[in-house]
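Taking it in order: structure first as structure tokens, then the write-up.
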Amino acid sequence: MIEINQITTLFLAVALYILGTYLVKKVNFLNRFCIPAPVVGGLIFAIVATILKTTGIVEIVLDTSLQSIFMVTFFTTIGLGASFKLVKLGGKLLIIYWLACGFLALMQNVIGVSLAKMFDINPLFGVMAGAVSMEGGHGAAAAYGQTIEELGVSSAVTIGMAAATCGLVAGGLVGGPVVQYLVNKFNLKPSTEEMEEYIDNDEKPVEEKSFMHQVFLITLCMAVGTYVGDFFTSLTGFVLPGYVGAMFTAVVARNIMDRVKPGFVNMKEINLIGDVSLGVFLSMALMSIKLWEIADLALPLFGIIIVQVLFIVLFGVFVLFRLLGKDYDAAVMVAGFLGHGLGATPNAMANMSAVVNKFGPSRRAFLIVPIVGAFLIDVFGMPIIITTINLFK
């Protein structure tokens, strides 16, 4: 057995992130489906570690104690991006799209838990193959998987990561063909309507003083949020992880700062911190998963994901498309919905970019989908996921 200490584990996580970035640029398949760089690098390490373990050569044990800090930091930066001004700008269609995402999260958990029971496996595995990994993606899979493992359910992170990876690929595969079908069937054309562009301060250069202000705000929200999570858990008995409390504290802080001191929150610097935190967090999460633990669950997991993909495609085509107005913008938003409903917001943006490059621009879709997919989606998703976990813990 080889035990790797905390600092070396951090170094490996960063190195694997850089390796993943290189491979995503060089390998067309990875680039086409927007597979995250830390997922690629971390998964390579996990596969090598699994081979070494199963062949009896050596077992590698990592010290991932720093992972939770990067995880909480990332979710806090998401909360700080939740300005109510963006919600107002999106109008009625944003609310409809947002509610649809909440309904999707609910149904993904219903599908996951129902099929888990049918396959006679732990219902919490169904949760991990539900909204956690589908709508939540790799970040949520690593975060909630850790919470579920703390409840005594082993391999939750591994199940979630495997499901998130499959969902990410599926989201990239189905988006284009679905919109192609809608465009041809309804003879859709791009709208000439122009929407007011929201201008934030994310064009400001990164400066030391401002950067430290953002670090102060992030760490303040993290500190307060962890106490909020502990207080809520002790008060209600529901498990509310610290990163959830930190994110909602950040939402409150962002909108207070918008009123008290507009311009204080610099989203360019906040996003930079969030991207770095997510990269390290995901690298650690992926490199430490134990693939040999889920071999017996491969068939049930694949079955659940197939049903998840069928449901979101049918819902997008026959329900969401009509609710959004049955026009070209609606079709493009369906492409985004399939992308982040099965994978992540970058997947949604890749789907929509492919569509508009072929058929024409859609300002409305490129305003609404990133706003909802980046942070508003968690307003519904987190309570649904947390409630489901507590029902079956």
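The values are calculated or read from the model by the stated rules, or taken from the named source; none is laboratory data. Note that this is a predicted model, so its numbers are computed, not measured. Neighbour counts are summed over all protein chains in view; Cβ atoms, including those assigned to glycine, are modelled from backbone coordinates with ideal geometry. Each accessible area value is taken on the protein alone, full model and side chains, heavy atoms only, with ligands, DNA and RNA left out. Shrake-Rupley method; radii C 1.70, N 1.55, O 1.52, S 1.80 Å.
Structure notes:
- When Ile57 is tested against (1) at pLDDT 90 or above; (2) in contact with a Leu (Cβ under 7 Å, 6 or more places away or on another chain); (3) assigned to a loop (DSSP other than H, G, I, E, B), only condition (2) is not met.
- Whichever residue in region 357-372 is free of Cβ contacts under 8 Å to residues at least 40 places away in the same chain and of a type outside the set (Lys, Arg) and, among such residues, is surrounded by the most Cβ atoms within 10 Å (Cβ to Cβ): Ala365
- Search result, residues across region 359-378 that are out of contact with any Asp or Glu (no Cβ under 6 Å at 6 or more places or on another chain) and at pLDDT 80 or above: Phe359, Gly360, Pro361, Ile368, Val369, Val372, Ile377
- All conditions in (1) open to solvent by less than 10 Å² (accessible area, probe 1.4 Å); (2) more than 22 Å from Val127 (Cα to Cα); (3) among the aliphatic types (A, V, I, L, M); (4) modelled with pLDDT under 90 hold for Ala354, with the sole exception of (1).
- Selected residue (criterion: nearest to Thr8 (Cα to Cα)) from residues of region 48-62 that are open to solvent by less than 60 Å² (accessible area, probe 1.4 Å) and not β-branched (Val, Ile, Thr): Leu62
- Residues that are in a loop (DSSP other than H, G, I, E, B) and closer than 19 Å to Val179 by Cβ, drawn from region 283-339: Leu324, Gly325, Lys326, Asp327
- Being within 24 Å of Pro38 (Cα to Cα) and over 17 Å from the mean Cα position of the chain (by Cα) holds for only one residue in Lys393, Lys326, Lys290, and it is Lys290.
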